[in-house]
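A short worksheet on the structure shown next.
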Amino acid sequence: MEVSLSLGSESFLKWLDYANDPIFIFAVAGDGPPGNYINVNTAASEVLGYTKEEFLTMKPADLTPPHRLSHLMRMMQKILTDGQVTFEGVYTTVDGVEIPFEYNARFIEIGGRGAVLSIARDMSARKKAEEELRESEARYRVLVELLPDMVAVLHDGLIEFVNQAGQALIGAPDVGQLLGQPIARFVRSGHQESGASPLRHLRQMGDKLTPNANEYALVRFDGTRMDVEVQSTVIMYGGKSAQLIIVRDMTERKRVQHVIHHMAYYDHLTELPNRRLFHERLEQAVQIAHSAGGKLAVLFLDLDRFKILNDALGHDVGDLLLKDAGQRLQACVPPEALAARLGGDEFTVLIPHLENREEATDCASRIVAEIASRPFVINGYELFVTTSVGISYFAQDGQTVADLLRYADTAMYRAKSQGGNRFECYHDTMLIEDTPLSHIYMEHELHKALDTGELHLVYQPKVSARTGRIVGVETLLRWTHSTMGTIPPSEFIPLAEQTGLIRSIGQFVIREVCAQLRRWEEIGRAPLPVSVNLSVRQFQDSDLVDTVAGIVHDAGIDPRWIEFEITETLLMENTEVAMESLHALHRMGMRISIDDFGTGFSSFSYLNQFPIDTLKIDQSFISNLKSGRRAKSILLAMLRLGQSLGMKVVAEGVETFEQVAFLQRHGCAELQGYYFHRPLKVEHLEAELDRMNEMV
């Protein structure tokens, strides 16, 4: 149907200019190419940049890129044939920019002459969006293909898409053999053997991927199975709802988990359960016995004179001996029992569900006999070794893990004190204090404490008498035993002095102090002077100065933050040795303090001979302040003596406000005691320092 328009009609021209899209009218004659433009609207001029006058001198071919001319001619033929056609084309602006348009063109007559009316819709935005969409889809497809995990899209449980990683995971020859296949053929829940689909469960996982993926079995093309985890979510795919699943191979993760579990719960040398696993199993057994009214036994054993063999033949031989002993032990315990290595040459056995005491004593008897039955042949050595075993029973001897281990350990030491190569059952007379057995036991446990981390430091703050702020700390050693709990220093320090362990313990304390100073420096915390007590036995060590210098050097700290506290007795009994060592330490930059000042010798000549920086007045003089004028006069004399010698004076054992007021009034520099702070763990000390800094 032809449309006749009057080119000169005012309504027609107004109609053209009201349109937002470019409109072109150009002449056409017969089946020839399009002729000149007859008219265009304002939008055409604005979009392409030509004036209306310029358009009237041009043809559509002038605006069409050369490579699109043939397409333009084909569309012209369709217009002449069909009367109307919609097609995509390109026009070039006055600046040479090609703009894609969708043309709706129809044949019309104007004043009896043939023409084409073409309404052009700018497709730039749509084309750009389509291109961006294609690029986005391409990027996501590349990303999906690069993923190491299987990614698949399911419609009604059938695989519609799967990436190359999925093909490799399943072991299919090509992706095409997976498309259209039910997911249930490959992914099955752990108990499924029939191939029932896990699709319902996948759908129940929700409409988003969660970190708590579910575990399944993946059946590969060749029939082999592997553990996988599957995450699922709902997506739109191909215009309809679909399910996206991610399948991850868990083989390596399970292997690593097994390795980590083994490292955490088993001894690397003997392959027996370690202390951690034994404690957990014993805790479980105790709970069950509590609730069911049952019984159990704990055996504690070590190898007699193992330390002598280990020191004489070397740790390599000692390790092999422990490994072989662990194998012999394992062969002696009942199937339901648990044998473990706690550390060193110490082993334990848990016998749960005990019917009678003879089960435990029979097991202990077998262990003693098996260890001693034949020599251990290691690296050409024939080693005849025996063992001592202690037994404790739940609930006769104890009802907690700590008690059962403690009592079995105590019984083992009784067996050892009787010559070894035997077992003993615990009874309550074994823990009588001040017996040779208790001293042997404590000495052995103190040896172990250095290796097991039972020894730790706390810090007693010193505060400025003027401001009350912490200006230094004194290091104090604490021992928390695995079965006996907290052991006071008054019990283990004298033992350490008697046995010579104080040297190793002293080195441990200095290392820990230097390490703590280093940690404070690394995190940007202001350093704090730290006092360390030195004993008589440490001063008898000719390597004391070199040892301290080496530790400080290795830690890389400034030695001026360390102060050594010594007693008057130490100075007077070891004058030459003490003088040489103290001067050497002082030259290195460390400070020297006299601890418990006033409780030793009455001669003060050492104050002039030794490089002393600080006097610490013993707490007995502080506590005696309330006893009268004489006590105050003595304390004042001490304060004035220190001040006159240019030494810093510290009062320890300060516990009352009256003591604080007196010491402040008479110029004591620093105060230390429970009135201000009890000994603090390092994290509590740091928190207190931070609190004070916030108050400034």
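Values as computed for the structure displayed
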{"read-out": "Relative exposure of 393, 265, judged by other C-beta atoms within 10 Å (fewest first)", "value": "265, 393"}
{"read-out": "Relative contact order computed over the chain (Cα-Cα under 8 Å; 6+ residues apart), in percent", "value": "6 percent"}
{"read-out": "Rel. contact order, % - alpha carbon contacts under 8 angstrom, at least six apart, the stretch 268-431", "value": "28 percent"}
{"read-out": "The stretch 78-128 and the stretch 345-396: distance between their alpha carbon centers, rounded to Å", "value": "100 Å"}
{"read-out": "For the stretch 502-510, Karplus couplings with θ = phi - 60° (6.51, -1.76, 1.60), whole Hz, Gly/Pro x", "value": "4, 5, 5, 5, x, 5, 4, 4, 5"}
{"read-out": "Contour minus Cα-Cα distance for residue 417 and residue 86 (0.36 nm per residue)", "value": "108.3 nm"}
{"read-out": "Hz values of 3J(HN,Hα) by residue in the stretch 243-258 - Karplus curve (6.51, -1.76, 1.60), Gly and Pro given as x", "value": "10, 9, 10, 10, 10, 10, 5, 9, 4, 5, 4, 5, 5, 5, 4, 5"}
{"read-out": "Computed [θ] at 222 nm, deg cm²/dmol, the chain (DSSP H ≥ 4; -39,500 (n - 2.57); rounded to nearest 500)", "value": "-13000 deg cm²/dmol"}
{"read-out": "Residue exposure sequence - 146, 585 - by fewest surrounding Cβ within 10 Å", "value": "146, 585"}
{"read-out": "Globularity ratio of the stretch 451-695, using Cα Rg and 2.2 N^0.38 Å", "value": "1.01"}
{"read-out": "Burial ordering of 682, 401, fewest other beta-carbon atoms within 10 Å first", "value": "682, 401"}
{"read-out": "Cα-based shape type of the chain, given that a ≥ b ≥ c are square roots of the gyration tensor eigenvalues and the cut on a/c is 1.5", "value": "oblate"}
{"read-out": "Amide H within-cut-off set for residue 237, under 5 Å, with H built and near neighbours excluded", "value": "242"}
{"read-out": "Distance in nm between pseudo-label sites at residue 518 and residue 124 (7 Å out along the Cβ direction from Cα)", "value": "6.7 nm"}
{"read-out": "Average Cα contact separation per residue, the stretch 451-695, under 8 Å, 6 or more apart, as relative contact order %", "value": "20 percent"}
{"read-out": "Computed magnitude of the charge dipole of the chain (debye, nearest 20; Cβ of K, R +1, Cβ of D, E -1)", "value": "960 debye"}
{"read-out": "Cα-projected label distance for residue 549 with residue 625, points at 7 Å along beta-carbon direction, nm", "value": "4.3 nm"}
{"read-out": "FRET efficiency, residue 15 to residue 240 (Cβ-Cβ, R0 51 Å, nearest 0.05)", "value": "0.70"}
{"read-out": "Label-to-label distance, nm, for residues given as residue 307 and residue 71 (7 Å Cα→Cβ offset)", "value": "9.4 nm"}
{"read-out": "Nearest-0.05 FRET efficiency for residue 258 and residue 588, computed from C-beta distance (R0 45 Å)", "value": "0.30"}
{"read-out": "Violating pairs (Cα-Cα greater than 18 angstrom) within the set 462/648; 254/323; 616/648; 462/681", "value": "254/323"}
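Read the figures in this text as sums done on the coordinates, not as results from a lab. Since this is a predicted model, take the numbers as computed values, not measurements. Counting neighbours? That spans all protein chains shown, and the Cβs are built from the backbone with ideal geometry, glycine included.
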